[in-house]
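Chemist: Okay, here's the structure, questions in a sec.
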Amino acid sequence: MRAAILYGPDDLRVEEVQEPVGDVLVEVWAATACGTDRKMLRHGHPILGDYPARFGHETAGVRTDTGERVFVGDSVACGACAPCSAGRAAICRAPTWVLGGFAERIAAPPAALHAIPDGLDFAGAAMAEPLAACVHAMARGTDAADAAVLGGGTIGLMLARLLVLDGRDVLVCDHHPERRAQAQSLGARAADALGQHDLVFEAVGRVPAWEQAVAATRPGGTAVLVGGCPAGTTVELETGPLHYDEVDVRGAFHHTRAEVDRALALLAAGDVDWRALAGPVVGLEELAGALRESTGGEARKLVVDPTR
């Protein structure tokens, strides 16, 4: 079978490889790409392990043993560590990562598989992974009516849509006019200046954005940091708002199994329109070039079809 293999930074090759070994073999019909995949291509990632490595973590396809349409979750929590025991499986200390969606087939443990609701396309189902992370981020926030999202990429737009569905007054801040227009089409307001808000979601993943999100949070409000910065990065925050204004700063990472199922249901119902975020469809041979392309303009997710 064919698979995209990372041999090192910016060294991606499509090769004939042995069938993957695992509990359940899934024929991949669609895999979507995100900013993390671009990071993995450029300079690796801790969860990849040693090179050569397979990657791709937003995956949907068909079980080869039963013919069932499934979404392949990218992790399985251990269920035994302190966070898992406390009901916080999203930050499991010893998860089993399930990578390799950029291939014709992927092997996964049964606990990673989720049934795809009837009527939901494979490409839409693959987007349950980032949407589940947004569902989780929402749970890390508050019920404040006045909310803002800093960053109009696909994660920021998904967050904005979830906030709109929840009846909030939502502002999306992004310097790309195309992304501001996308935010407005989802029911949010949009601007290139953030202002002050009771609840702020950061969805950029850069130090200045983290600092800006906290600074834009009103006294007594909450900033939720969704975008991941490089490992070892430090952030400087003014102490006054944290202490005297009791501004809460919370991280939001990954998702739980229940949040994946919630994301699939939202996509299947059309509450979150995956087609509004879908970009070009490419085959495995086109993947490297597509990941290297600029991400300016509209926020769209690359869709990989291994059968092309």
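Chemist: Of the GluC sites (Glu not before Pro) in the range 1-98, which ones lie in a loop per DSSP and count no more than 14 other C-beta atoms within 10 Å?
Modeler: In loop regions of the range 1-98 (DSSP not H, G, I, E or B), the sparsely surrounded GluC sites (Glu not before Pro) are 68.
Chemist: Using the crude model of +1 on Lys and Arg Cβ and -1 on Asp and Glu Cβ, and no other charge, please compute the dipole size for the chain relative to its Cα centre, in debye to 20.
Modeler: 80 debye
Chemist: Separate question: Per residue of the chain, what 222 nm ellipticity follows from adding -39500 (n - 2.57) for every DSSP H run with n ≥ 4, rounded to the nearest 500?
Modeler: Using -39500 (n - 2.57) per qualifying helix, the result is -8000 deg cm²/dmol.
Chemist: Now, a different point. Is the C-alpha gyration tensor of the range 113-160 telling us rounded, prolate or oblate? Criteria: a/c under 1.5 is rounded; beyond that, a/b larger than b/c is prolate, otherwise oblate.
Modeler: It comes out prolate by the Cα gyration axes.
Chemist: Specify whether the C-alpha gyration tensor of the chain places it in the rounded, prolate or oblate class, a ≥ b ≥ c being the square roots of the eigenvalues: rounded for a/c under 1.5, otherwise prolate if a/b is larger than b/c and oblate if not.
Modeler: prolate
Chemist: Out of the total accessible area of the range 188-308 (probe 1.4 Å, heavy atoms of protein only), what percent is carbon and sulfur?
Modeler: Here carbon and sulfur together make up 49 percent of the probe-accessible area.
Chemist: Okay, next question. Per residue, how much accessible area does the range 244-304 show when a 1.4 Å probe rolls over the protein heavy atoms, in square angstrom?
Modeler: Value returned for the range 244-304: 49 Å² of accessible area per residue.
Chemist: Now for a different question. With +1 on the Cβ of every Lys and Arg and -1 on the Cβ of every Asp and Glu, and nothing else charged, how large is the dipole of the range 180-293 about its Cα centre, in debye rounded to the nearest 20?
Modeler: With Lys and Arg at +1 and Asp and Glu at -1, about 220 debye.
Chemist: Hey, rough spin-label estimate for residue 11 and residue 192, points 7 angstrom out along Cα→Cβ, what's it come to in nanometres?
Modeler: 4.2 nm
Chemist: Next question, about the same structure. Using a 1.4 Å probe over the heavy atoms of the protein chains, calculate the carbon and sulfur portion of the accessible area of the range 40-167 as a whole percent.
Modeler: The nonpolar share, carbon plus sulfur, comes to 51 percent.
Chemist: Further, regarding this structure: Can you pull the one-decimal nm distance between simple spin-label points at residue 258 and residue 18, each 7 Å off the Cα toward Cβ?
Modeler: 4.0 nm
Chemist: OK, next. Pop out the ³J(HN,Hα) list for the range 215-228 in order, Karplus 6.51 cos²θ - 1.76 cosθ + 1.60 with θ = phi - 60°, rounded to Hz; leave Gly and Pro as x.
Modeler: Each residue's phi maps through the Karplus curve to give 5, 8, 8, 5, x, x, x, 9, 10, 10, 9, 9, x, x Hz.
Chemist: Let me ask something additional. Suppose the chain between residue 246 and residue 233 were pulled fully straight at 0.36 nm per residue; how much longer would it get relative to their current alpha carbon spacing?
Modeler: 2.3 nm
Chemist: Computed FRET efficiency, Cβ-Cβ of residue 275 and residue 140, R0 25 Å: what is it to the nearest 0.05?
Modeler: 0.35
Chemist: Here is a follow-up. Rounded to the nearest Å, what's the spacing between the alpha carbon centres of the range 274-300 and the range 1-66? Just the number, please.
Modeler: 16 Å
Chemist: Let me know the Rg and Dmax you get for the range 227-297 when you use only its Cα atoms, in Å.
Modeler: Expressed in Å, the Cα Rg and Dmax of the range 227-297 come to 19.0, 55.
Chemist: Now, a different point. Rolling a 1.4 angstrom probe over the protein heavy atoms, how many square angstrom per residue are accessible across the range 126-177?
Modeler: That works out to 28 Å² for each residue.
Chemist: Additional query: Hey, what do the phi angles of the range 177-186 turn into as Karplus ³J(HN,Hα) couplings, whole Hz, using 6.51/-1.76/1.60 and θ = phi - 60°, x for Gly and Pro?
Modeler: x, 5, 6, 5, 5, 4, 4, 5, 5, 8
Chemist: Which length gain, in nm to one decimal place, applies between residue 68 and residue 165 when the Cα-Cα distance is subtracted from 0.36 nm times their residue separation?
Modeler: Stretched fully, the residue 68-residue 165 segment lengthens by 31.9 nm.
Chemist: Between the alpha-carbon centers of the range 129-158 and the range 208-264, tell me the distance in whole angstrom.
Modeler: Answer, in whole Å: 11.
Chemist: What accessible area per residue, rounded to a whole number of Å², is obtained for the range 35-115 using a probe radius of 1.4 Å?
Modeler: Value for the range 35-115: 43 Å² per residue.
Chemist: Once you put a point 7 Å from the Cα of residue 43 and another 7 Å from the Cα of residue 1, both along the Cβ direction, what distance in nm separates them?
Modeler: Spacing of the two 7 Å Cα→Cβ label points: 3.2 nm.
Chemist: Does the range 142-260 come out rounded, prolate or oblate by the C-alpha gyration tensor, with a ≥ b ≥ c the root eigenvalues, rounded set by a/c under 1.5 and, if not, prolate when a/b is larger than b/c and oblate if not?
Modeler: Verdict is rounded for the range 142-260.
The values are calculated or read from the model by the stated rules, or taken from the named source; none is laboratory data. This one's a predicted model, so the numbers in the text were calculated from it and none came from an experiment. Neighbour counts are summed over all protein chains in view; Cβ atoms, including those assigned to glycine, are modelled from backbone coordinates with ideal geometry. With ligands, DNA and RNA removed, areas are computed over all heavy atoms of the protein, side chains included. Shrake-Rupley method; radii C 1.70, N 1.55, O 1.52, S 1.80 Å.
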